[in-house]
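One structure is given here, and the rest of the page talks about it.
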Amino acid sequence: MMLTTDPKEIFTSWLRANGAALDSLTFKHSAHGSQSRGTGVFTKSQLILDEAEPLASVPSDLLINNDLVLRIAQEGTTVAAQKLARCIHGLQTADSVPTSGPAWERICLLVFLLWGWTSAVQRLDGDISSSGVGGKKDVEKGDKRLDVDFWIPYIKILPEINGLDTPVLWTDSLALSRLEGTELHAAVTSKRAALLREYEKLLPHLSHLDGTGLITAERFAWVDAVFWSRVLALGAALREFGGDLASGSDYHLIPLVDFCNHSPDANIRWHITDDPSRVVQLRATTTDDEPIPADTELFISYGNKPNTELLFIHGFVIPNNRNNVVKFTPPFIEQKVLRDDDEDEDDENTSNAVVTEDGSDEPQGDELNRVAAENAIQNKMALLAALELRGLIGIRAPSEPEGEGQQEEGREIGPGVEDPTLGMLTESDLLAMYVAVLTADDGFGRLDDGQYVVGGYPLTETTREAFSALVKALPHFEVIRLRVWAVLLEIVNFKLCLLYGQGARPAVSQEDQHSRPDEEKAEGVIAGADKVLFSSPAKDAPDRSPMAPEHVRLAKVEVLREGQCDLLLGACELLQTLQERWVELPQVQEYLAAMQGELEEEE
Ligand SMILES: C[S@@+](CC[C@H](N)C(=O)[O-])C[C@H]1O[C@@H](n2cnc3c(N)ncnc32)[C@H](O)[C@@H]1O
């Protein structure tokens, strides 16, 4: 009998031999146009999807979590297990390495993957030192799961560096510079720096796993990407069942289930049971009457993720992604005082402090304003935290009015409409915007005893409902809403400038040997982003994706940028309409007239 060398077949046999069930499924290379999706889960023969019938299942013995890694380190007897033990022991005793919680679980799983990968590479290179002394095979006598060899069929089918293609792994790529103007540019830069720092910190311990310099900074970035692109946080679900399944671990790698690719129109999902022999199952999301043909890929949903997140974590984008969002930090109105102050300082290059007769510096008006602004921002941040509104605010695409009647309502948009932002802001983001734009003139602030007030009334309960009620009760509530629209419009315009300021067309790398004239190629990339990514797959699509070509990366970034531009243009249009409507409101007109009167009196 011929032994197979196909990693997918070896992996399938390994799953079956170890208690997984996957009779109706198979693993195949998946591609859409020239965008490779790596390995995916396909139907083996014609199949009718039925919610009640599990399509596949994985036993608890095949789940990989930090409990397993620690057991290998404590109980494993092979040379490879001892290497892992030295690595884990070093990490546990090192300064500034977290040794509990999700951060530690992640490190344990990174170590596991690097342990498997270095062992697989060393076997390939004929280096048998990791298998045993004098070339004798070093086999675990107890639990086979403590033996690195047991896991090699799984390790060998994982995507290689080029198969993941997340921007953090892009080097010397023009596509990186095209991320400028999007949130991803800063995110990628800081993630790379953080990974490098972490690599340098962990390397003395990781080198116990290999000792021959295999674990480079790039390999460390790879293992981090493998982890984030396939980890599932199952802890809470498993703990509900109690018993043996309720380990302390949250993060899990689940061979088989982690080969499911993502689609917004997923037809399968994972499901947890309390039966250890089939603890994680794949099930259909619906029951159909019509059979689906053999060789159809089945997809799960990774959640309602925007393209920024999909590209950052998974290296792919979805055209016309309904979940796109543009995020920003809360735009505290006091930041304007700080910005103006900085500009004044730059202009005059002088300090606001004046030297008094006794020679000491005394804060003057501007300085006092600055201190007050900084205090106000700190108080606002504390309030956001107390209301659990900390974090970024997101703008989503406003929903399109549907049908005749709704269009009419769209035109009628005004204070009476329940959500005048048409879904552009969530309820909690709107509350965070109120916190950002309220000022002392609105009777908003924090008293010396720590109590918040809105409109002069105390916020007796620090809940979102109570805060929202006080804001809505303000006599000039519509003025506050107008302020929100105006601040948002400023942000949207700024974000659009960042995107367009980047230029509508990418410059083209000189290294590109096969390039058409720059302009022509750049135009092709932009206009044909969808075409490049989603044209028909090559007939003989390679089993393993080659290095993602530069034009594929550029096309992905263009899909991301176009998504953000469309979203921001839609938001800009709506915000302009909102501003126009709100400025006409009698409440707003009265408020503006009163302000004008006050100003004239002061003069
Ligand atoms: C959980 S793994 C799925 C299995 C993976 N294809 C493999 O070969 O190991 C997630 C990774 O699969 C790829 N992927 C999943 N869904 C995709 C999609 N819709 N388009 C492109 N790539 C996808 C991405 O590389 C992602 O990081």
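The values are calculated or read from the model by the stated rules, or taken from the named source; none is laboratory data. Computed from a predicted model, the values in this text were never measured in an experiment. Positions of Cβ are backbone-derived with ideal geometry, glycine not excepted, and every protein chain shown enters the neighbour counts. Protein only, heavy atoms only, side chains kept; ligands, DNA and RNA dropped before computing areas. Shrake-Rupley method; radii C 1.70, N 1.55, O 1.52, S 1.80 Å.
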Label-to-label distance, nm, for residues given as Glu240 and Asn320 (7 Å Cα→Cβ offset): 3.5 nm
Å² of accessible area per residue within the range 213-274, as computed with a 1.4 Å probe and no ligands counted: 37 Å²
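Near Asn66, within a Cβ-to-Cβ distance under 10 Å, what is the net charge of the other residues, with Lys and Arg +1 and Asp and Glu -1? Don't skip to the end; give the middle numbers.
Working: positive: Arg71, Arg106; negative: Asp67, Glu105, Asp250.
Here the charged neighbours net out to -1.
With a sphere of radius 15 Å drawn around the Cβ of Leu184, what net charge do the other residues whose Cβ falls strictly inside it have (Lys, Arg +1; Asp, Glu -1)? Working shown, then result.
Values: positive: Arg178, Lys191, Arg192, Lys305, Lys327, Lys495, Arg553, Lys556, Arg561; negative: Asp165, Glu180, Glu183, Glu309, Glu558, Glu562.
With Lys, Arg at +1 and Asp, Glu at -1, the net is +3.
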Backbone HN-Hα couplings from phi across the range 247-255 [Karplus 6.51/-1.76/1.60, Hz, Gly and Pro as x]: 6, x, 7, 9, 6, 9, 9, 10, x
Centroid-to-centroid separation of the range 420-496 and the range 565-603 [C-alpha atoms, Å]: 16 Å
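Report the relative contact order of the range 64-230, percent, no decimals, based on alpha-carbon pairs under 8 angstrom and at least 6 residues apart.
On the way: 151 pairs, mean separation 51.1, N = 167.
Reported relative contact order: 31 percent.
Ignoring any ligand, DNA or RNA, what whole percent of the accessible area of the range 64-230 comes from carbon and sulfur when the probe is 1.4 angstrom?
Roughly 56 percent of what the probe reaches on the range 64-230 is carbon or sulfur.
Relative to the Cα centre, what is the charge dipole magnitude of the range 1-71, using +1 at the beta carbon of each Lys and Arg, -1 at the beta carbon of each Asp and Glu, and rounding to the nearest 20 debye?
Working: 6 positive and 8 negative charges, 63 e Å.
For this selection, approximately 300 debye.
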Distance (nanometres) between label positions extended 7 Å along Cα→Cβ at Cys497 and Thr4: 5.9 nm
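If each residue of separation counts as 0.36 nm, what is the full-extension length gain between Asp441 and Glu75 once their alpha-carbon separation is subtracted?
On the way: separation 366, 0.36 × 366 = 131.76 nm, distance 6.66 nm.
Fully extending the segment from Asp441 to Glu75 adds 125.1 nm.
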Cut-off under 5 Å, modelled amide H: who pairs with Ala56 long-range: Leu282
Derived scalar couplings ³J(HN,Hα) [the range 57-73; Karplus, 6.51 cos²θ - 1.76 cosθ + 1.60; whole Hz; x for Gly, Pro]: 8, 10, x, 5, 4, 9, 6, 10, 9, 6, 4, 4, 4, 5, 5, 4, 5
Using a Förster distance of 41 Å, the FRET efficiency for Asp566-Leu203 (Cβ separation, nearest 0.05): 0.40
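What does the charge count near Leu585 come to, summing +1 for each Lys or Arg and -1 for each Asp or Glu among other residues with Cβ under 12 Å from its Cβ?
On the way: positive: Arg481, Arg581; negative: Glu478, Glu580, Glu584, Glu590.
Local charge sum for Leu585: -2.
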Net lengthening on full extension, Ala469/Gln82 (0.36 nm per residue, minus Cα-Cα): 133.2 nm
5 angstrom amide H check on Arg37, placed H, neighbours 5+ away: Ser30, Ala31, His32
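Using a Förster radius of 30 Å, what is the FRET efficiency between Glu412 and Val371 based on their Cβ-Cβ separation? Nearest 0.05, please.
Values: r = 46 Å, r/R0 = 1.52.
That pair, Glu412 with Val371, gives E of 0.05.
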Charge dipole (the range 64-230, unit charges on Cβ, about Cα centre) - positive-most of Gly181, Trp222, Ala81: Ala81
Simple spin-label estimate for Leu392 and Thr287 in nanometres, 7 Å along Cα-Cβ: 4.2 nm
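Please compute the length gained on full extension between Tyr457 and Glu53, using 0.36 nm multiplied by the number of residues separating them and subtracting their Cα-Cα distance. Provide the component values of the computation, followed by the final result.
Details: separation 404, 0.36 × 404 = 145.44 nm, distance 5.79 nm.
Residue separation times 0.36 nm, minus the Cα-Cα distance, leaves 139.7 nm.
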Karplus (6.51, -1.76, 1.60) ³J(HN,Hα), θ = phi - 60°, over the range 437-448, in Hz, Gly and Pro reported as x: 9, 5, 9, 4, 5, 8, x, 9, x, 10, 7, 4
Between the range 318-333 and the range 71-125, the alpha-carbon center distance in angstrom: 38 Å
Solvent-accessible area of Cys260 with every protein chain in place, 1.4 Å probe, in Å² to the nearest 10: 0 Å²
Nearest-10 value in Å² for the accessible area of His185, using the 1.4 Å probe: 60 Å²
